[in-house]
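Undergrad: One structure is given below, represented as structure tokens, and several questions about it will come after.
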Amino acid sequence: MSGEGATLEYTPTWIVALVCTVMVVASMAAERFLHHLGKLLKRKNQTPLFQALQKIKEELMLLGFISLLLTVCQNVISEICISETLAKTWLPCTEEEKQTSHWTTSHLDSLFSSYVAGHGVGRHLSSRPSTTNYCAKQGKVPLLSTRALHHLHIFIFALAVAHVTFCALTVLSGGAKISQWKQWEDDIAKEYDQKNVLYKFTHVHEHDFIKDHFQGVGKIYAFRGWWHAFFMQFLGSVTKSDYTTLRLSFIMNHCRSNPKFNFHNYVMRSFEADFKKVVGIGWYCWMVVVLFLLVNVHDLHAYFWVSFIPLTLLLAVGTKLEHIITELATEVAQKHMAVEGDLIVKPSDHHFWLNRPKFVLLLIHITLFQNSFEIAVFIWIWVQYGFNSCIMGNIAFIIPRLLIGAFVQFICSYSTLPLYAIVARMGSNFKGSIFNEQVQEGLISWAKEAKKKVQKKESSTTSLSPARFLANQQKSKFMNR
């Protein structure tokens, strides 16, 4: 029996069986919950949300693999030795702070250490004296202690859970906001049924859409347009006149033959399809994590400055989306004084950054991840090391971080995501989600059957000899006569 505690050889079998039972039951309960949730989404034809759930499962599987690697390789990593000089560079906390705040390292560790000290063990159970002595004999220190690996393990898990949770809450809140537009869609449908189908003229500059967004022509008015767009993202980012005009413009440019097209359903389907991309953790997200773990050096206050990145991205994206509406209004106001029929704008990709509406979604994804990263780090440090830990930073930096995180979360849910849901539809092309699930499946089956028929016809034509092919051509011409 070493100071590391009893092994399984000297542990009561009922304890081992009990712990294994609890772990298995908890894991199977979580797996069954996700399974039945997926079946419920499929039964309700919520295919985009089902795909988002599959994405979450992939992230959980990735986390499980990372956990397995950390567990299997922890002894190997802790036996990699480096010099003490390297071990004392780029520290989040100084040695003086380590001595003064050692007692606040972890609420759980403190309780566990008290228990160990009371029983005369004299060392933390999560540490491994054998690996420490292995490096100490060489006059070096471990690359990463087993205890630090354990804390890193918890951090990665906390980050992923926080990201999935906050993204789900944000997107669900945004979906609830978009659902409020259904009343506008119903009102438009009623007005269309009651409308007297006569040609009319619309005075462009008297239209509500133009009044709300057109700022004039010239450099000064262009600046006013950006300033106006910046504040509009906080003051009801989408109005009824915006929805009505953008809806009609989409229908007239993409499905003119169906004036009763349910634009609201299309926006919701597209929004749900984008959800699976937002909820995932891409490779660039993990690169961000690694980068800021690297620069979290004492006195740099890296996590405070990190909190401004999602805020800046969010404000830039919201301003750009609002300015796209301003540009659409400006194009019409500059070209026409009056138009025949209702006001229609021209959707185009060139209004978006890099001429790609999807690039905006990428920035929103990074914004949500950065914000969840900031909040996850705060919660992890608080639980693992305590509020007074040196790695937490000065309280003057903590409060602004939390306020910025809450602000980003609220604005992204209330304004930016709903704004993206409708403005992204103003690109040159439309998505397959314009059709419902049954129509999409029918079109895919039809396309496959048509492709098979073409390939079969081509193969039968090439298999004929030249003389036989010419004879068939002559025969078909004769029959056509």
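Computed from the coordinates by the stated procedures, all read-outs in this text should not be read as laboratory data. This is a predicted model, so every value here is computed, not measured. Cβ coordinates were reconstructed from backbone atoms using ideal geometry, including for glycine residues, and neighbour counts include every protein chain displayed.
Undergrad: Pairs K190/K346; K57/K277; K182/K211; K211/K260; K211/K320: which are spaced more than 22 Å apart, C-alpha to C-alpha?
TA: Where the Cα-Cα span goes over 22 Å, the pairs concerned are K190/K346; K182/K211; K211/K260.
Undergrad: Given Cα pairs under 8 Å that are at least 6 residues apart, what percent is the relative contact order of the stretch 159-434?
TA: It comes to 37 percent, rounded to a whole number.
Undergrad: Additional query: Give the residue from A17, N45, L34 lying farthest towards the positive end of the charge dipole for the stretch 1-45; charges sit on Cβ (+1 for Lys and Arg, -1 for Asp and Glu) and the dipole is referred to the Cα centre.
TA: After comparing all options, I get N45.
Undergrad: Quick one: if you stick a label point 7 Å off each Cα along the C-beta vector at M287 and N253, how many nm between them?
TA: Placing both labels 7 Å along Cα→Cβ, they lie 3.2 nm apart.
Undergrad: Moving on. Are there trypsin sites (Lys or Arg not before Pro) in the stretch 36-84 that DSSP puts in a loop and that have at most 13 other Cβ atoms within 10 Å, and which ones?
TA: Qualifying residues, ordered by number: K44.
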